[in-house]
Amino acid sequence: DEEFNELCFEFGLELDEITSEKDIISKEKGEEKAKGASDTILYKIDVPANRYDLLCLEGLVRGLQVFKERINLPRYEKIIPAPGEGQRLIITEKTVQVRPHAVAAVLRNITFTKERYDSFIDLQEKLHQNICRRRALVAIGTHDLDTISGPFTFTAKAPSEIKFKPLNQSQEYTASQMMDLYRTDSHLRHYLHLIEHKPLYPVIHDSNGVVLSMPPIINGDHTKISVNTKNVFIECTGTDITKAKIVLDIIVTMFSEYCEKPFSVEAAEVVYPNGKTHIYPELAYRKEKVKPELINKKIGISETPSSLAKLLTRMCLKSHVTGNGNNIEIEIPPTRADIIHACDIVEDAAIAYGYNNIQMTIPKTYTIANQLPLNKLTELLRLDLAAAGFTEALTFALCSQEDVADKLGMDISATKAVRIANPKTAEFQVARTTLLPGLLKTIAANRKMPLPLKLFEISDIVVKDPNTDVGARNYRHFCAVYYNKSPGFEIIHGLLDRVMQLLEVPPNEENGYMIKAAEGSAFFPGRCAEIFAKGQSIGKLGVLHPNVITNFELTMPCSALEINIEPFV
């Protein structure tokens, strides 16, 4: 694990965590749901968003093998069938209004296993989410070529005229019925809006009228591929032809290694409405020239041209020195759509050289930096609060809705909390509007520790604010709690006095601070006070309500204080 982590780092990737299906489910949905899930170790690897060639095991392993100089970069080739023998995809002009572009290719005599098949499907899903922008720009369809006969037609029809058996369903539906069927489908409902309100829906069918797919929603069940499929027909339809070409190139280069003739792809012909034809996939190799001194200067190293060429070759960019060492000629393979500028080549050279091997130098620019006043105040307060016998805690900025509302006896609408649109776990649904729940959860997790527990935190809270450009605002809050057999209101009150003494705010009404009896849903009636300073309310202190204590699974009384420290900067 350690070794693999190192290798990922050297290659410019990050091994995010080592986990298992069971761990992931129990984290997201709880222990109960995780029963029976697999214990197999999984590596979670963070891949840069522009490296589509590393989104599947095949591409990642190939990239790492070339990087380790164990294999040479394979040469991808397209085989153009004899005239009249290849597959053709005819685009009609009706598609112009919905999804005007389509590209296609064939993987011949491919050998799938369960793992390869799963990887093949998974790559399509990752591309859909990433470069295809949730299928809005491109939608991928893969079909068993032996179940259909070309030429294929990509056209658009009225929803009532399209009728076929969709993938993994037992009966035929019209396109309108499918929309209703998938409206409740957790996976497919997100794509319906792409064509739902269009007068015509896109559809691809073969010469016998068998429907292959209705992009971008669903493929037909008739052409579904399985582990035993030998010949795969791949079509990508979309609104962006450049992205469609990239997606097709990635899929065929990744999985052509399992074809009878490895790394070869059978081309298909696409016929446009105006009668023009084009052969896909393009699998275009192109050459770029970069000066060695540019690479050295940008990275801050002094390597010879030949060693730079070797570094680039390890990054899947086959390079050699030309013209007395004045230039490096680099061949960009079809898998590297992310190389758009010389800087991308320089970056790859830097990764291969190793960021940690670049000598550190003092920058030539001369600036004087200053600490942010709010952070400076925070740092000073943290030291003195620790000196007052309180222990600092750092808690998550996101929490569940219950934590900031229900458990504190408030309604979520009254908290002005910022909500996460699609939370991954129940623990992280909203941004915290108060620091108190985080500290109470910390105490709950440390109940075995000897009493009293005295904790504090100084961090940001987030509330909605329609007057800011982003619709929300951060405030730096200070919160402290005292947990013991007796409530200890006097200890928290004493801490407030100490903080004010440090801030040089005198205890009086005019230009100092004062406390007034108040009510708060989280506090015990008659044991809560509002704190006023600099002419404004800055927070509350008091003994927590027994309901709040039990909601956070605590058993002893607890007093708390929370104030906004921004007015004192």
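The values are calculated or read from the model by the stated rules, or taken from the named source; none is laboratory data. Being a predicted model, the structure only gives us computed values, none of them experimental. Cβ placement follows ideal geometry from the backbone for every residue including glycine, while neighbour counts extend to all protein chains displayed. Areas reflect the complete protein model, heavy atoms only, side chains present, ligands, DNA and RNA absent. Shrake-Rupley method; radii C 1.70, N 1.55, O 1.52, S 1.80 Å.
Averaging the sequence gap over all C-alpha pairs within less than 8 Å and six or more residues apart, then dividing by the number of residues, gives the stretch 1-46 a relative contact order of 42 percent.
Here each label is just a point 7 Å from Cα along the line to Cβ, and for residue 391 and residue 196 those points are 5.2 nm apart.
Diffusion coefficient (Stokes-Einstein, Kirkwood radius over C-alpha pairs, 25 °C, 0.890 mPa s) for the stretch 286-357: 207 µm²/s, rounded to a whole number.
3J(HN,Hα) along the stretch 226-243: 9, 4, 8, 4, 9, 10, 10, 9, 10, 10, 10, 10, x, 9, 10, 5, 4, 5 Hz, from the Karplus curve 6.51 cos²θ - 1.76 cosθ + 1.60 with θ = phi - 60°, whole Hz, x for Gly and Pro. Restricting the calculation to Cα atoms, the stretch 295-439 shows an Rg/Rh of 1.25 when the hydrodynamic-style radius is the Kirkwood one. Our summary of shape: the Cα atoms of the stretch 231-374 have principal axis extents of 63, 52, 32 Å, ordered from largest down, in whole angstrom. A 1.4 Å probe, protein heavy atoms only, puts the accessible area of residue 1 near 100 Å². The P(r) of the stretch 373-568 has a tail past 19 Å containing 60 percent of all C-alpha pairs. With the convex hull constructed from alpha-carbon coordinates only, the stretch 405-468 shows a mean projected area of 6.0 nm² over all directions.
For the stretch 1-143, the Cα-based Rg and Dmax, in that order, read 19.6, 60 Å. Here the accessible area is traced with a 1.4 Å probe on the protein chains. For the chain, carbon and sulfur cover 51 percent of it. For the pair residue 303 and residue 274, a Förster radius of 60 Å applied to the C-beta separation gives a FRET efficiency near 0.75, rounded to the nearest 0.05. If R0 equals 30 Å, the separation of the Cβ atoms of residue 493 and residue 379 corresponds to a calculated FRET efficiency of about 0.75. Across the cross-link table entries 29/165; 157/224; 448/485; 485/534, which are compared at the Cα atoms, the separations over 24 Å belong to 29/165; 485/534. Packing here is the average count of other Cβ atoms within 10 Å per residue, and on that basis the peptides 216-225, 202-211, highest first, run 216-225, 202-211.
Peptides 500-512, 240-252 ordered by packing proxy, namely the average of other Cβ atoms within 10 Å per residue, highest first: 240-252, 500-512.
A convex hull fitted around the alpha carbon atoms of the stretch 98-233 yields 112 Å³ per residue. A quarter of the convex hull surface defined by the alpha-carbon atoms of the stretch 251-319 gives 7.5 nm² as the mean projection. At a probe radius of 1.4 angstrom, the accessible area of the chain per residue rounds to 52 square angstrom.
Loop-located trypsin sites (Lys or Arg not before Pro) across the stretch 312-366 with a Cβ neighbour count of 10 or fewer within 10 Å are 364, with loop assigned by DSSP.
Overall shape of the chain was characterised from the C-alpha gyration tensor. The equivalent ellipsoid obtained from it has semi-axes of 58, 33, 22 Å, in decreasing order.
Over all projection directions, the Cα-based convex hull of the stretch 519-565 averages an area of 3.5 nm². Once the Cα atoms are used to define both axes, helix 436-445 deviates from the longest principal axis of the chain by about 90 degrees. Remark on the stretch 1-46: hydrodynamic radius 11.5 angstrom, per the Kirkwood mean of 1/r across alpha carbon pairs.
Only lysines eight or more places from residue 68 in sequence, or on another chain, were considered; those with a Cα closer than 22 Å are 44, 310, 318.
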